[in-house]
Amino acid sequence: MNPYIPNNLPLDNLDYKRLFAYIGEANAELARYDGLLQGIVNPKVLLSPLTTNEAVLSSKIEGTQATLDDVLEQEAGLFAENGKSNDIQEIINYRTTLEQSADYVSLSPISLFLLRQAHATLLDSVRGKDKNPGEFRKDQNWIGKYGCTMEQASFVPPSPFALQEYLEKWEAYVQGNEIDSLLQLAILHAQFELIHPFKDGNGRIGRLLIPLFLYQKKNLATPMFYLSSYLEANREEYYARLSSISHAGDWDGWIEFFLKAIIAQAKENTHKVHQIMKLYASMKDKITATTHSQYAIQALDVIFTRPVFKTTGFVALMGISKQTSMGLLRQIREAGDLKIIRQGRGRQASILMFPALLAITEGKDLV
């Protein structure tokens, strides 16, 4: 099989008549979601678990087995002997990469420099650390069954000798304008995956680009739109649609799939954010009434940011006296809103969980 030669961008001969309805609905749903985000005073605090859950799901597409609970429990200091520590570190790296990249895009457009920087962070000290983190590949690779030859491969990315040229054209397209930004996003995501510029981590970097581009184009006021839940649930079609571009030039089929993904995910995200906001409002009233403390809202923000936490961590984040912090925590726990997952003993701190927020984050309340 010969190396794939990417299409020139912007694409010619798209079936806009077929795509128009999906473009309109995707923009409407995304605008509805963004309007909701803009009504939140501090979305980074309120929606913090959604960012971690995106890291879990995007990494899961690439084969990790750790869950959201696994990540949060390990970060709280509960190290289960389940062999998932490497997976958890990959997920933490993904979240760090997303947060650092969002800071970059708030000041500068998406660039090849950002790709290399993000890749270096993503593969730092985890699986793939020997695959030249932060560097575009310099040799030919291919995708297929384990041990297959290049001739037996299901996909052969572009030649490394032409890679820089394709990447520069991709960068120019990302920094330019299209007839519609969501159409542009569908194309740039697929083109990145097909160029396959790194030896490892291409899928995760490609999915990271989705909220970053929406933020860059001001479709979102904050880069918190995560598509991995839909892509994980429809993994076979996700890969089949990408494959149909390289094998049959079916860009229309891919773009339709991608726009449907945005529509479905925007609806799910909107529902989750509504549920989280409702939970926050009810907990605000409840904790204030229960504790009669000037620190009630501060305590609530800590619990939302860290829905699995050590009591010592809670005290540190509160920044007030230990006695006051622990008194607040005791009152909240006795009201039935926190669950102890490890009882403290001696100098070992207790670890608590906020189950209601985790249930919403993981979609357990969805019907």
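For the chain, the longest principal axis of the alpha carbon atoms and the long axis of helix 85-105 meet at an angle near 80°. Of the residues Lys286, Lys145, Lys199, the one that moves most in a GNM of the chain with alpha-carbon contacts below 10 Å is Lys145. Between the beta carbons of Gln298 and Glu268, assuming R0 = 41 Å, the FRET efficiency works out to 0.85 to the nearest 0.05.
For a test of the definition: using alpha carbon positions, the gyration tensor, and the 1.5 limit on a/c, classify segment 134-213 as rounded, prolate or oblate. Judged from the Cα gyration tensor, segment 134-213 comes out prolate (a/c at least 1.5, a/b above b/c).
Dividing the helix sum by the residues of the chain, where each DSSP H run of 4 or more adds -39500 (n - 2.57), gives a mean residue ellipticity at 222 nm of -20000 deg cm²/dmol.
Model label sites at Met1 and Lys218, defined 7 Å from Cα along the beta-carbon direction, differ in position by 4.2 nm. Stretched out straight at 0.36 nm per residue, the stretch from Phe79 to Ala289 would grow longer than its current Cα-Cα span by 72.1 nm. Taking a cut-off of 29 Å between Cα atoms, list the lysines near Lys218, but don't count ones fewer than 8 places away on the same chain. Excluding near neighbours in sequence, the set is Lys17, Lys44, Lys60, Lys169, Lys260, Lys267, Lys272, Lys278.
Quick one: helix 296-305 against the long Cα principal axis of the chain, what's the angle to the nearest 10°, folded into 0 to 90? For 296-305 against the chain, the angle is about 30 degrees.
Among the listed values (1) 1.07; (2) 0.97; (3) 0.93, the one computed from these coordinates for Cα Rg over 2.2 N^0.38 Å is (1).
Put a dot 7 Å past the Cα of Ala316, heading toward its Cβ, do the same for Lys44, and the two dots end up 1.9 nm apart. What shape does segment 272-361 take by its C-alpha gyration tensor, where a ≥ b ≥ c are the square roots of the eigenvalues and a/c under 1.5 counts as rounded, a/b above b/c as prolate, and the rest as oblate? Oblate is the answer for segment 272-361, as a/c is 1.5 or above yet b/c matches or exceeds a/b. Per residue, the average separation of C-alpha pairs within less than 8 Å and at least 6 apart gives the chain a relative contact order of 23 percent.
Rounded to the nearest 10 degrees, the inclination of helix 16-38 to the longest alpha-carbon principal axis of the chain is 20 degrees. Distance between the pseudo-spin-label points of Ala248 and Tyr16 (7 Å out from Cα toward the beta carbon): 2.5 nm. Kindly identify segment 1-133 as rounded, prolate or oblate by the Cα gyration tensor criterion: order the square roots of the eigenvalues as a ≥ b ≥ c, call it rounded if a/c is under 1.5, otherwise compare a/b with b/c, prolate if a/b is larger, else oblate. Oblate is the answer for segment 1-133, as a/c is 1.5 or above yet b/c matches or exceeds a/b.
When each of the peptides 356-364, 218-226 is scored by how many other beta carbons lie within 10 Å of its residues on average, the order from highest to lowest is 218-226, 356-364.
Our estimate of slack between Ile143 and Ser159, defined as 0.36 nm per intervening residue step minus the Cα-Cα distance, is 4.4 nm. Residues whose amide H falls under 5 Å from that of Ile341, counting only those 5 or more places apart or on a different chain, are Ile351, Leu352, Met353, with hydrogens built in the peptide plane. I want to make sure I understand the PRE zone here: with the label point 7 angstrom from the Cα of Ile341 toward its beta carbon, which residues in segment 290-306 have backbone N atoms less than 16 Å away? Of the residues in segment 290-306, 303-306 have backbone N under 16 Å from the label point off Ile341.
No lab work stands behind these numbers, since they all come straight from the coordinates. Computed from a predicted structure; not experimentally measured. Here Cβ is always computed from backbone atoms with ideal geometry, including for glycine, and neighbour counts include all displayed protein chains.
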